[in-house]
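Coordinate-derived values only; no laboratory data. What you are looking at is a predicted structure, and each value in this text was computed from that prediction instead of being measured. Positions of Cβ are backbone-derived with ideal geometry, glycine not excepted, and every protein chain shown enters the neighbour counts.
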Amino acid sequence: MIDLDSAIKHFDAKDPEIAELIRRYAITKRVIKKSPPLLYARELFASIVSQQLSTKVADIIWGRFSDLVKSPDSPEVVKTFTPEQLRAIGLSSQKASYILAIANGVTDGTVKLDHLNGLNDEVIIAELIQLNVLTFHPRPPRCLFGRRFRSQKRR
């Protein structure tokens, strides 16, 4: 993880405009430590929504998903929806079942997302395979969790 204070100090000297942008838009350590499972769940939901779709279509469906569930980072809220409700916003049956499996697995304790930081890829994959939503992914899960999804920038 990047030390935010060191980065700001560096850019204060080298490029004050960048330093100001970091101050304004960087996610703070406090937020990351407060709710990593929610961040991971949201990224998993966003990843499933966007699979095999164009950027534009993925953003539209993610927007519909966010509007429907109101709290796309809360597995407790997401699990209250039916597959039919998720299909009505444009998700396939398979994607709807994956999203609900993740939401149910996180809330019932089958999968614990709050301890994934610092684990190696094999352990993360073993954790997610329990949900029967991950059999193979061309990118390691850490890459999934390490990037910010384009559709999350708007919400």
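Which FRET efficiency, nearest 0.05, do Thr107 and Lys14 yield, Cβ-Cβ r, R0 30 Å? Spell out each step's value before the answer.
Numbers: r = 45 Å, r/R0 = 1.51.
E(calc), rounded to 0.05, equals 0.10.
The ranking of Ser97, Ser66 by Cβ neighbour count inside 10 Å, starting from the fewest, reads Ser97, Ser66. Each of Gln94 and Ala7 was given a label point 7 Å from its Cα along the Cα-to-Cβ line. The distance between the two points is 3.6 nm.
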